[in-house]
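What follows draws every value from the coordinates through simple rules; no lab data is involved. These figures come from a predicted structure and were not determined experimentally. Cβ coordinates were reconstructed from backbone atoms using ideal geometry, including for glycine residues, and neighbour counts include every protein chain displayed.
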Number of protein chains: 2
Amino acid sequence: MTETDYKNVLDAIFYPESVAIIGASNSFNKWGSFITAHLIVGGYMGQVYPVNPKEEKIFGRNVYKKIGDVPGKVDLAVVATPAKVVPDVVKECIEKKVKSLVIVTSGFSETGDDGKRLEEELAQMINKAGIPMVGPNTMGALCTQKRLFTVGSPIFPRKGSISFVTQSGNLGVQMLEWAENNSVGISKMVGSGNEACIAKEHYIEYLAQDKDTRVIMLYLEGVDDGSHFLEAAKKATLKKPIIALKGGRTAAGGRAAHSHTGSMAGDSAVMTSVFRQSGIIEAKNASDMYDLSMAFDSLPLPRGDRVGIITLGGGWGVLTTDALVEQGLCLATLDDSVIEKLDTLLPPFWSRSNPIDLVGQVIPDVYMEAVQIVTECSGVDAVICLGMIGISNIGIRTLLSSAAASDMDNIEYYVREAQEKYQQIEQDILSRFNELMNQLKKPIINVSLYSGRRRAGLRLKSGYSEVIYTTPEKAVQSLVAMYNYYKFLKGHGVVE
Amino acid sequence: MTETDYKNVLDAIFYPESVAIIGASNSFNKWGSFITAHLIVGGYMGQVYPVNPKEEKIFGRNVYKKIGDVPGKVDLAVVATPAKVVPDVVKECIEKKVKSLVIVTSGFSETGDDGKRLEEELAQMINKAGIPMVGPNTMGALCTQKRLFTVGSPIFPRKGSISFVTQSGNLGVQMLEWAENNSVGISKMVGSGNEACIAKEHYIEYLAQDKDTRVIMLYLEGVDDGSHFLEAAKKATLKKPIIALKGGRTAAGGRAAHSHTGSMAGDSAVMTSVFRQSGIIEAKNASDMYDLSMAFDSLPLPRGDRVGIITLGGGWGVLTTDALVEQGLCLATLDDSVIEKLDTLLPPFWSRSNPIDLVGQVIPDVYMEAVQIVTECSGVDAVICLGMIGISNIGIRTLLSSAAASDMDNIEYYVREAQEKYQQIEQDILSRFNELMNQLKKPIINVSLYSGRRRAGLRLKSGYSEVIYTTPEKAVQSLVAMYNYYKFLKGHGVVE
């Protein structure tokens, strides 16, 4: 099957009209049970056909003895049977003319020579039939646009536009659980597993032209076909950013990767060079990959390196400035007209330079106005806002303390009202910032200094939306990566 | 007042028997109101005397017109009046023979020359009287052992043994809010403010001999008396670790620091050299300072660089190995007897080398046994455990999914029972690990890969307790810093 073929047929995996689960089960601790449950609970928008020769009903659904018994057509067959019966099961799938396969079963090339032979036979049969196959030894695949959750873990992230190709299934589901917890929108996830037929480069080609994907996240341990990977990545990065993390960067890590996925990790320097040549953004660790993807998905790219900082605490302004400079960006210089405007807004003892310390003035209108003045400044390419978003938490606790100290009777009412008020204020601030971003095409990044989850706003098709980090270093890191990507696109004449 | 004097009198600030708040207030948005409320709500174990010439009652307490009217003795007077009346207030405090002062009021040297003169006069008067004074321009001080929360923000961390000296009040309270949210135990926090009388080096000397402090956290922007600071730090680090973060490391950050606290940031290279000479552990950012302090507070120091990794996901094992090697530690080699023991415990296709991938075997007894075997291995100095702690979250969701898919009636009961069971399992695992740490004096660090807060266990006087991070890189970073500190202590003959 050629590259072009994959691009056209992978829709059958991510947007199937019907899914059969072969090896569906009522036994709680089996993959065939997990996947069936998650597909049902996830609200899959299509037909579900559990297949198992020994069961009558699974989760209240009729069960088919074999795939051939399924009455309708099957776009996707998920296989979760023991390894030794997989070849027969796949044969039946081919006879049934299923359009695509996800083989969850492990026990193939990752276990040694016997498994490798079994996998090769399987791949030959499947390639001959011209069916796209994910795996084997994969955590599964999901697509929020179709509410398709054929994965072994109960992860139901919000619909969005980040898609994740991962050679480690665990890493995939755990990072998607972070996404779900932080309201970060996801389009697709696929565990590439042993990559017997479809490799990372094929998924990249598919996602590059997928209308529901805006950012591609990639975890990889090794690449078999380096030149195809490079070519696929080069084309993709001109359309959308790829944020990649390489596992097995060190010799010891490479050995661990080999025992994990059976892949040869390859030379780390070579891979870094491939990333650089192809415009892939390399993340240092899983957490960074995730944080960078949030920024690329939700914010406009900065068109320069001059950053304005608005802070409610002087110390945080200092640390953010250090991080900016250490990571290669500049503290923007505020021109006189900007200083004059801020003079009319802020108390006389304000810093009169960037970072703009609001010296504890927790007044939403002042804050929003200051951010607008700075964002509009022609010498500012990006803005970092520290301390205002997230402060509601502490505001409510302050109220609570005073109420508790005075033995007030109606504490609950008081607090509920305050919570609503604070939530409204934060929402208003974020809305105003989003308007500013859409109008001026400059990123505004929020840092919540009190405990709280990092989070991204619901990004509409038409506009940018908020990103909230928990440390200033994360905000700076994202700006650096986005500015570098802007320069890459500009160098290729893709943006002005 | 000399260094020795401070060491002896600072108890009056942190362990006062009675506190007067001068400028206490009923107006919700005033510092005098915040501090009084927090002191009361925090459960301060001593007498509270609100002082305000215009009020009768504050939070139901009798109010004194002036400090001289307070009937009993006053160990600590917190001053939150406007700057211009501070000198008169302090005069009255001296007459009243208060034992210590916290001057929260701002508007002194940080605002320019006039403020600087006012501050100098104040310092002279206070030094002459021989009273220790925190500030001015400080967020306040707290001591959990006395339940003393004379701070402007409602932060009530758990009693513990990390003490924090911070030149930025905001940074101080925000980091303590992280501590509160993650159950990390704190002993003291003090915002050093403008340091008119007591400087960072005095606090270090005091905390070095404070029996309730096991780890010192330090945020600093500049140091006035470099040689005193170096000398104090040198002595302190032989007794307990100091984890420090320098704000104003870059020229631009230094200028921001100057406008923030009025302090000259000084040369960053000089400060890094001072840190190195004195054995201070330098953190790269606030989040790292916090995470390192947790580890030093709760775990035994590793006496070597050989690390064992036990993981429930292969990809995470690979990434942890990369982080280990990149940060200068080694992957421990498992000797044959250890491999043999693990062979009897794990399925035949386990990795048979470090990292030990439990290949999805979520069986608590197997997990605990594997960790014990690895920790007991003489070639292992420290252990990182990935994936087991925190998995309860996902376990419960899996149950929920299956229950929801089958339209079960008694979901709530089912889930409650599962939650209790999982919590018990995690508690059992952590208890076993803590026993192992106490017995073998080797650190075992947990990484919870699903969303969740980093957290430290309640450390008993007599033993070590668990630390849970959210990324493997944090675990590795802590081991590196602890091993370096071990070598520092060994080089000075303090440990074997």
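Data for the structure
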quantity	calculated
Extension reserve of the A:Glu376-A:Arg276 stretch, reckoned as 0.36 nm per residue once the Cα distance is removed	32.7 nm
Proximal lysine pairs, the stretch A:301-491, alpha carbons under 16 Å, eight or more residues apart or interchain	4
In Hz, Karplus ³J(HN,Hα) per residue of the stretch B:325-332 (6.51, -1.76, 1.60; θ = phi - 60°; x = Gly, Pro)	5, 4, 8, x, 9, 10, 7, 5
Peptides A:215-228, A:312-325 ordered by average Cβ neighbours within 10 Å, highest first	A:312-325, A:215-228
Check: chain A dipole with +1 on Lys, Arg Cβ and -1 on Asp, Glu Cβ, in debye	1240 debye
Within 10 Å of each Cβ in A:173-185, the average number of Cβ atoms from other chains	3
For A:Tyr49, residues with placed amide H under 5 Å, excluding near neighbours	A:Val19, A:Ala20, A:Ile21
Nm distances between copies for A:Glu496, ranked from closest, using label points 7 Å along Cα→Cβ	7.5
Net charge over other residues, Cβ less than 11 angstrom from the Cβ of B:Val79 (K, R count +1; D, E count -1)	-2
Kirkwood hydrodynamic radius (C-alpha pairs) into Stokes-Einstein, the stretch B:276-334, 10 °C and 1.306 mPa s, D in µm²/s	117 µm²/s
Chain A - Kirkwood radius from inverse mean 1/r over Cα pairs (Å)	24.6 Å
Per-residue Cβ neighbour rank within 10 angstrom, fewest leading, A:Tyr203, A:Tyr367	A:Tyr367, A:Tyr203
Radius 14 Å from Cβ of A:Val366, net charge of other residues (Lys, Arg +1; Asp, Glu -1)	-3
Kirkwood Rh, angstrom, the protein assembly as shown [1 / mean 1/r, Cα pairs]	30.2 Å
Per-selection Rg to Rh, the stretch B:140-229 - Cα, Kirkwood hydrodynamic radius	0.95
Ascending list, in nanometres, of distances separating the A:Pro348 label from those of the other copies (7 Å, Cα toward Cβ)	8.5
Residue order, fewest to most surrounding Cβ atoms within 10 angstrom, among A:His38, B:His492, A:His258	B:His492, A:His258, A:His38
Degrees separating the helix B:391-405 axis from the principal Cα axis of chain B, which is the longest one	70 degrees
Inter-chain Cβ neighbour average for residues A:308-315, partner chain, 10 Å	6
For A:Leu207, B:Leu346, order by how many other beta-carbon atoms lie within 10 Å, fewest first	B:Leu346, A:Leu207
DSSP beta bridge pairing in chain A, given as percent antiparallel to the nearest 5	20 percent
Percent RCO, i.e. relative contact order, over chain B, from Cα pairs under 8 Å lying at least 6 residues apart	11 percent
Average beta-carbon neighbours from other chains, 10 Å sphere, peptide B:243-249	4
Low-density loop cleavage sites - trypsin sites (Lys or Arg not before Pro) in the stretch A:151-253, where at most 10 other Cβ are within 10 Å (DSSP)	A:Lys211
Inter-copy label distances at B:Ser268 (7 Å, Cα→Cβ; nm, one decimal)	2.5
Pairwise FRET efficiency - A:Met45 versus B:Glu412, Cβ, R0 = 25 Å, nearest 0.05	0.35
Principal axis box of the stretch B:211-304, alpha-carbon based, largest edge first, Å	40, 27, 27
Charge context of A:Lys284, other residues only, Cβ under 11 angstrom, K/R +1, D/E -1	-4
Between the stretch B:104-169 and the stretch A:171-237, the alpha-carbon center distance in angstrom	52 Å
For B:Ile186, residues with placed amide H under 5 Å, excluding near neighbours	B:Arg158, B:Lys159, B:Gly160, B:Ser161, B:Ile162
Karplus (6.51, -1.76, 1.60) ³J(HN,Hα), θ = phi - 60°, over the stretch B:67-74, in Hz, Gly and Pro reported as x	4, x, 7, 4, x, x, 7, 10
